[in-house]
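Down below is the structure, laid out as structure tokens.
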Amino acid sequence: MFYHLAMWAESSISSLNLFGYLTFRSILGVLTALSVSLLAGPWMIARLHDFKFGQVVRDVGPKSHLAKTGTPTMGGVMILAAIAIATLAWSDLSNRFVWFALLVTLAFGAVGFADDFIKIRHRRNLGLTARQKYFWLSLAGFGVASLIYFTAPNAPLWDVFGDGKASLETAIIVPFFKDVAIQLGIFFIPWAYLVIVGTSNAVNLTDGLDGLAIMPCVLVASALAVFAYCTGNIKIAAYLGIPYIAGVGELSIFCTAIAGAGLGFLWFNAYPAQVFMGDVGALALGAALGVVAILVRQELVLVIMGGVFVAETLSVMLQVAYFKYSGGKRIFRMAPLHHHFELKGWPEPKIIVRFWIITLILVLIGLSTLKVR
């Protein structure tokens, strides 16, 4: 949209053509999304108050959370709007990777919106049933995974565990190794599905304290922007020994849009929060990170950079499994993991900032895989 208009205008008056530079458009992406979030925030919060879209807090959760009852939720709508506007404004809309990312984000956001709306309407902590949520998330996940696979050039059906050269878009790239690529063949589809849906639910589980989930999303998205830019540049990719995927660099604008929208939302979501993102934001952001990692072939690096999301998810899985196996005993005082530290007496801001610091360290380790090969 703005990208095409700017290209026409600039080519007409100048040979400099700043808008032809991906880095410049990525900067415009983050600034646009940030501006939309900051400007829309007060209006959105006021409307959520008017509609009485307040958070419903679980009775079984930490008692300190009862004070958060009634805080406006579904602020994730603002995040998604900012991401969509910035991406559509500055991306090359003929690029299939951009549409894959937007499709996944909005589809998972729609499921989260329905879940949040049911909670608010019925004044309960349960929205969609687990089966309903799993069905719609799976439908969106499998649908996009299939689209990615069948639009990849030379995607092999049965060359499973081959050398990965038939199509790097459907192979697992192993970090820290220069020439290790595991070709998945048709099994790329369930693999991509697991990454997208798994990351979506991991971010959703992490979204339990003010600002806890959004800042790690900003940090991971910023790092994925670097991966997208490098992977889409044939010279840089060759120098770093990472796969070159033509056109995937446009995703750097989508990633910076996530970072800008997230920072704008954090302005209002920082402790004590004026608004929560809700499932509409958490499910969508997790899916967005997952699909970008798939498209730039860095799913394993995503596991490293999103270590906080992984730890939160594992804490729930271990807690449930051990509770059933031991007949009612627990590993943690409460799961997800951030609640465990709350019940140990850690102040909420301390937990949040420490999780941010851990994420920053993990993101730097993830970025180091670009050079350590």
Problem set entry | C-alpha long axis of helix 214-231 to longest principal axis of the chain, angle in ° | 10
For this session: Would you calculate a helix-derived [θ] at 222 nm for the chain, using -39,500 (n - 2.57) for each DSSP H run of n ≥ 4 and dividing by the full residue count, to the nearest 500?
Result: -21500 deg cm²/dmol
Problem set entry | Cβ-based exposure ranking for Met305, Met317, Met215, Met334, in which fewest neighbours within 10 Å come first | Met317, Met334, Met215, Met305
Problem set entry | Nearest 10 degrees, 0 to 90: helix 278-295 Cα axis against the chain principal axis | 30
Problem set entry | Length gained when the stretch Leu360-Ala46 is fully extended (0.36 nm per residue, less Cα-Cα span) | 109.8 nm
Seminar exercise, completed: Out of Leu106, Leu38, Leu80, a Gaussian network model of the chain with alpha-carbon springs under 10 Å gives the largest mean-square fluctuation to Leu38
For this session: Could you tell me whether region 218-373 comes out rounded, prolate or oblate from its Cα gyration tensor? Rule is a ≥ b ≥ c as square roots of the eigenvalues, rounded for a/c under 1.5, then prolate if a/b exceeds b/c, otherwise oblate.
Result: prolate
For this session: Could you please rank Thr170, Thr69, placing first whichever residue has the fewest other Cβ atoms within 10 Å of its Cβ?
Result: Thr69, Thr170
Problem set entry | Cα Rg over Rh - region 216-272, Kirkwood | 1.15
Problem set entry | Burial ordering of Val226, Val144, fewest other beta-carbon atoms within 10 Å first | Val226, Val144
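No value in this document is a laboratory result; all are computed from the given coordinates. This structure is a prediction, so every number in the text was calculated from the model and none was measured. Cβ sites come from the backbone with ideal geometry, for glycine too, and all protein chains shown count toward neighbours.
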